[in-house]
1. Could you count how many residues in segment 253-284 are hydroxyl-bearing (Ser, Thr, Tyr) and not in a helix (DSSP H, G or I)?
2. Looking at the structure I just gave you, is residue 85 modelled with pLDDT under 95, in contact with a helix residue (DSSP H, G or I) (Cβ under 6 Å, 6 or more places away or on another chain) and more than 15 Å from ligand 1 (Cβ to nearest atom)?
3. Report, by residue number, each residue of segment 125-154 that is farther than 22 Å from residue 65 by Cβ and of a type outside the set (A, V, I, L, M).
4. Collect the residues in segment 21-31 that are more than 7 Å from ligand 1 (Cβ to nearest atom), touching a strand residue (DSSP E or B) at 6+ places or on another chain (Cβ under 9 Å) and not aliphatic (A, V, I, L, M), keeping them in residue-number order.
5. Quick one: in segment 85-105, of everything that is surrounded by 15 or more Cβ atoms within 10 Å (Cβ to Cβ) and farther than 29 Å from residue 252 by Cα, which residue is nearest to the chain's Cα centre (by Cα)?
6. Residues of segment 38-59 being in contact with an Asp or Glu (Cβ under 6 Å, 6 or more places away or on another chain), within 16 Å of ligand 1 (Cβ to nearest atom) and not small (Gly, Ala, Ser), which ones?
7. When you scan segment 135-252 for helices (runs of 4 or more DSSP H) that lie fully inside it, which ones turn up with 1 or more residues that are within 16 Å of ligand 2 (Cβ to nearest atom) and touching a residue at least 60 places away in the same chain (Cβ under 8 Å)?
8. Pick from segment 41-76 the residues that are surrounded by fewer than 24 Cβ atoms within 10 Å (Cβ to Cβ), charged (D, E, K, R) and part of a loop (DSSP other than H, G, I, E, B): which of them is nearest to ligand 2 (Cβ to nearest atom)?
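The values are calculated or read from the model by the stated rules, or taken from the named source; none is laboratory data. Please read all numbers here as calculations on a predicted model, not as lab measurements. Reconstructed Cβ throughout: ideal geometry from the backbone, glycine too, with neighbour counts over all protein chains shown.
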Amino acid sequence: MYNYTIKTLIIIRMFINLHNIMAHIISIVNQKGGVGKTTTAINLGAYLAEHGKNVLLVDLDPQANASSGLGLDYNNLNKGIYESLIGSHLIREVVVPSGVTGFRVAPATQALAGANVELVDVERREFRLSDALLEIKNDYDIVLIDCPPSLGILTINGLVAADHIMIPVQAEYYALEGLGQLLNTIELIKENIKEDLNILGAVLTMFDKRTKLSGQVMDELYKYFPNKIFDAVVPRNVRLSEAPSHGKAISHYAPESKGAKAYSDLAKELIDYLEEEKIKNKNL
Ligand SMILES: Nc1ncnc2c1ncn2[C@@H]1O[C@H](COP(=O)(O)OP(=O)(O)OP(=O)(O)O)[C@@H](O)[C@H]1O
Ligand SMILES: [Mg+2]
C-alpha cells in the first residue's frame, strides 16, 4: 500500500513537471476611460476559457466593473484582490468562479479604492501584484489583468506584473490621445524594472465600419503599433453593452452575436500568438 502511494505520487510529480504550466500574464491597459478594457477583459477571458485555457481575471479597478459584469456583488464580497495586494490573503483565497467553466476571478471590492493611497508608503509598492501572483502562476494558463483608467500605482502594479500588454483602442477621433504617454510609461518600466515586458499590441474596439473616421484611426494607429494590431476587430455591438447588466460574459449572454464572434476570434489569435512564441523561445 505504502509503495503504491509513493509510486502514485512520483507519477503525479512527473506529470506536473512535464506539464509545468507558467501562466502568461497579460495586462489590459489604457489610461483613457471607457475604451473597452473591461469588456475585453471579461469576454476575451471567457473565450480563452471556452477554447480550453484555464484563465484567471484580476479586477484591478476600484470601479469593479469586471467583477460586477460577471455577476459578482461588489458590496457583498468580503475579500478580493486588495487583500492580496496588502498581503493579508493569498490570491487563491480570494478567487471566485465567474460562471464560465475554466474562468475564475480575483474580484475588486470596495476596499480597493483605498489602495491608491495606502500603497504609496509600502515596501515594494510597484511589485505587490507581481509578488502576489507568483503563488498561482502554475495554476493557470493565462492571467488577464483589467487595469483602471489612470497611470496610478494600481496600473503600475498591473504593468510590472505583466509579461504582455494589450491596449484596447476605441475607434474614434480622440482615441490616440494619451497613447504616447502610455507607451512612455511602458518604456520606463522596461528600462528600470522589467526589460522583457512585451507590448502585444492594440485591439480596436467599438469599430463601426460605416464611419470613415474608423479607417483614419486605423491608419494613425499603425504609426504607433506597426505590425502590432490584432486582426480581430471588435465591432460596436449592443449585445456587448447589455451583457454586463445580466452579469454574464458574451459567450453565455449572446453567443451568436457579432461581438461574441469578435472576442472568440481575438482569443484564438492570442492563443496562436502565445503558442508561436513558445516554439520560438524553445528554438533560441
Ligand atoms: N464593442 C462594444 N460595443 C458596444 N458597447 C461597448 C463595446 N465595448 C464596450 N462597450 C460599452 O462601452 C462602455 C465602456 O466600456 P468598458 O467599461 O469596457 O471600458 P473601460 O475601458 O473598461 O472603461 P473604464 O476606463 O471606465 O474602466 C461600457 O458601457 C461598455 O458596455
Ligand atoms: Mg474598465
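1. If we filter segment 253-284 for residues that are hydroxyl-bearing (Ser, Thr, Tyr), which is where we start, we get 253, 257, 263-264, 273.
Filter again for not in a helix (DSSP H, G or I), leaving 257.
Selection size over segment 253-284: 1.
2. Spelling it out, it is not the case that residue 85 is modelled with pLDDT under 95, in contact with a helix residue (DSSP H, G or I) (Cβ under 6 Å, 6 or more places away or on another chain) and more than 15 Å from ligand 1 (Cβ to nearest atom).
3. 125, 126, 127, 130, 131, 135, 137, 138, 139, 141
4. Of all residues in segment 21-31, those more than 7 Å from ligand 1 (Cβ to nearest atom) come to 21-29, 31.
Still in the running and touching a strand residue (DSSP E or B) at 6+ places or on another chain (Cβ under 9 Å): 23-29.
Of everything in segment 21-31, those that are more than 7 Å from ligand 1 (Cβ to nearest atom), touching a strand residue (DSSP E or B) at 6+ places or on another chain (Cβ under 9 Å) and not aliphatic (A, V, I, L, M) turn out to be 24, 27.
5. Here the residue is 85.
6. Kept after step one, since they are in contact with an Asp or Glu (Cβ under 6 Å, 6 or more places away or on another chain), are these residues of segment 38-59: 38, 41, 53-54, 59.
From what is left, the residues that are within 16 Å of ligand 1 (Cβ to nearest atom) are 38, 41, 59.
38, 59 - these are the residues of segment 38-59 that are in contact with an Asp or Glu (Cβ under 6 Å, 6 or more places away or on another chain), within 16 Å of ligand 1 (Cβ to nearest atom) and not small (Gly, Ala, Ser).
7. Working: elements: 153-161, 179-192, 212-224, 238-242.
Per the criteria, 153-161, 179-192, 238-242.
8. Only one residue fits best here, namely 73.
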